[in-house]
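Report on the structure given below.
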Amino acid sequence: MDDKFMLMIPGPTPVPESVLLAQAQHLIGHRSGEFSQIMAEVSDGLKWLHQTKNDVLMLTASGTGAMEAGIINVLSVGDRVLVGSNGKFGQRWVDVCEAFGLKTEVISSEWGKALNPDDFKVALEADTEKSIKAVIITHSETSTGVLNDLQTIAGYVHAHGEALILVDAVTSLGACSVPIDEWGLDVVASGSQKGYMVPPGLGFVTMGDRAWQAYETSNIPKFYLDLGPYRKSGAKNTTPFTPPVSLFFAIQVALKMMQEEGLDNIFARHARLQQATRAAMKALNLPLFAADEVASPAVTAVMPQTVEAEKIRSTMRKDFDIALAGGQDHLKGQIFRMGHLGFVGDRDILTAIASLEATLAKLGANGFSPGAGLAAAQQVLSA
Ligand SMILES: *Cc1c(COP(=O)(O)O)cnc(C)c1O
């Protein structure tokens, strides 16, 4: 039953019907006043969601394009940078930095654990010559379901005084509070297919004043992702190149939905869904890959012991039309990941947990009592 298909992966995330329909409209010219009006509204909405007065630049790119744009617009070849890596996406930052010839030093933690803010503190305090140009981290590490302590690390970067902080907030924006201005985040990258309830294709980068200062001296070659022209055009509610017009129709509607719900309610909903999911997994004796204190609001990673993760995924897909994500790199086959990001509500979690229980029973998993997960999730959701 294809129309029953349910995405429970951490991106692309489910898209509301009103957003899908908005996207199906006839196109309009991107140099028209009509488009500029939409862009102005979208731009305001994005600033609201990102809790910032900074420019939120909109690129035709996935999240990685936004990350790359951040790097190449504020840094120069040979710059010394500290990159936090505790999963697939932290490693992606490392790869981007190395691709552009930055002097990349990696501060890592085991996958499934959070980055240790003290490691950054020590390295930054030791840098009395102020040679570190940037600290670069992933806020919500989607590959493991870990939320890094961005606020504390940002504090250490500010104490250093010279370094910029660049953040991948792809699966934290729209899921938990990322107060960009309050935390002084210089560059923040994200993408439309995650917390924004929109299909893939739009990448977002915010740039603060310090980032724009660094832009002036950045010498990494760039053209399509040169953010200067985006800023200049953006001030007139237009874009340097043809934008994905249909996605603008979509995000206009999605942002309206979010504004109706309100930021606090959105964050509270994600926290509740996360807690319900985790409570259910514990009740089902399914080990969680990340500890409660560092759990991502967007995705929960589970490491089943008595049945194979891939068998759970294929049965969920075949019998219940529910897509779960698998593990990446060395975690392939070891974990499954349940997304609860964006357009997800209580019913989706209850459905997914009930289907998971039926799947475990079918696969002959040991050590769980049918109904226990559902009861635990219900208890959280009704509290
Ligand atoms: C999805 C994701 C990205 C971006 O990936 P794209 O495929 O380029 O959109 C980056 N970082 C994190 C943490 C993500 O979850």
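Computed over protein heavy atoms with a 1.4 Å probe, the accessible surface of the chain works out to 40 Å² per residue.
Taking the protein heavy atoms of the chain in the context of the full set of protein chains, the accessible area attributed to carbon and sulfur is 51 percent at 1.4 Å. Once the Cα atoms are used to define both axes, helix 346-362 deviates from the longest principal axis of the chain by about 50 degrees.
Entry note, the chain: the mean residue ellipticity at 222 nm calculated from DSSP H runs of n ≥ 4, each adding -39500 (n - 2.57), is -13500 deg cm²/dmol after division by the residues and rounding to the nearest 500.
Principal-axis analysis of the Cα atoms of the chain puts helix 245-261 at an angle of about 70° to the longest axis. Would you calculate the separation in nanometres between label points at GLU162 and ALA291, each defined as 7 Å from the Cα along the Cα-to-beta-carbon direction? A separation of 3.4 nm, rounded to one decimal place. The Rg/Rh ratio for segment 262-381, using Cα coordinates for both the radius of gyration and the Kirkwood hydrodynamic radius, is 0.94. When peptides 167-179, 367-379 are ranked by their average number of other Cβ atoms within 10 Å per residue, the highest-first order is 167-179, 367-379. In this rough spin-label picture, where each label sits 7 Å from Cα along the Cβ direction, the GLU110-PHE241 distance is 4.3 nm. Starting from the Cα gyration tensor of segment 251-301, take the square roots of the eigenvalues, sort them a ≥ b ≥ c, and report rounded, prolate or oblate (rounded when a/c is under 1.5, otherwise prolate if a/b is larger than b/c, else oblate). Judged from the Cα gyration tensor, segment 251-301 comes out prolate (a/c at least 1.5, a/b above b/c).
Report, for the chain, the % of DSSP beta bridges that are antiparallel, rounded to 5. Spell out each step's value before the answer.
On the way: 21 of 43 bridges.
Antiparallel: roughly 50 percent of the beta bridges in the chain.
Take the Cα radius of gyration of segment 319-383 and divide it by 2.2 N^0.38 Å, with N its residue count; two decimals is plenty.
Working: Rg = 13.0 Å, N = 65, 2.2 N^0.38 = 10.7 Å.
Against the empirical 2.2 N^0.38 Å value, I get 1.21 for segment 319-383.
Can you tell me the FRET efficiency between VAL122 and HIS330 if r is taken as the Cβ-Cβ distance and R0 is 22 Å, rounded to the nearest 0.05? Calculated transfer efficiency: 0.20. On the beta carbon distance between LYS53 and THR152, with R0 = 25 Å, the FRET formula returns roughly 0.60.
Relative protection proxy for 131-140, 11-20, from highest mean packing down: 131-140, 11-20 (other beta-carbon atoms within 10 angstrom). Label ALA375 and ASP319 with points 7 Å out from Cα along Cα→Cβ: what is the distance between them in nm? Roughly 2.1 nm, to one decimal.
Which shape class applies to the chain: rounded if a/c is under 1.5, otherwise prolate when a/b exceeds b/c and oblate if not, where a ≥ b ≥ c are the square roots of the Cα gyration tensor eigenvalues? Don't skip to the end; give the middle numbers.
On the way: a/c = 2.09, a/b = 1.31, b/c = 1.60.
Oblate shape, in that a/c is at least 1.5 and b/c is the bigger or equal ratio.
May I ask for log10 I(q)/I(0) of segment 99-195 at q = 0.17, 0.24 Å⁻¹, from a Debye sum over the Cα atoms as equal point scatterers with solvent left out? The calculated log intensity ratios at q = 0.17, 0.24 Å⁻¹ are -0.77, -1.39. Taking the C-alpha atoms only, the angle from helix 63-74 to the longest principal axis of the chain is near 30 degrees.
Of the peptides 23-31, 113-121, the ranking by mean beta-carbon count within 10 Å, highest at the top, reads 113-121, 23-31. Across the chain, the mean sequence separation of Cα contacts (distance under 8 Å, 6 or more residues apart), normalised by length, yields a relative contact order of 24 percent.
The values are calculated or read from the model by the stated rules, or taken from the named source; none is laboratory data. Source: prediction; values computed, not measured. All Cβ positions, glycine included, derive from the backbone under ideal geometry; neighbour counts span all protein chains shown. Each accessible area value is taken on the protein alone, full model and side chains, heavy atoms only, with ligands, DNA and RNA left out. Shrake-Rupley method; radii C 1.70, N 1.55, O 1.52, S 1.80 Å.
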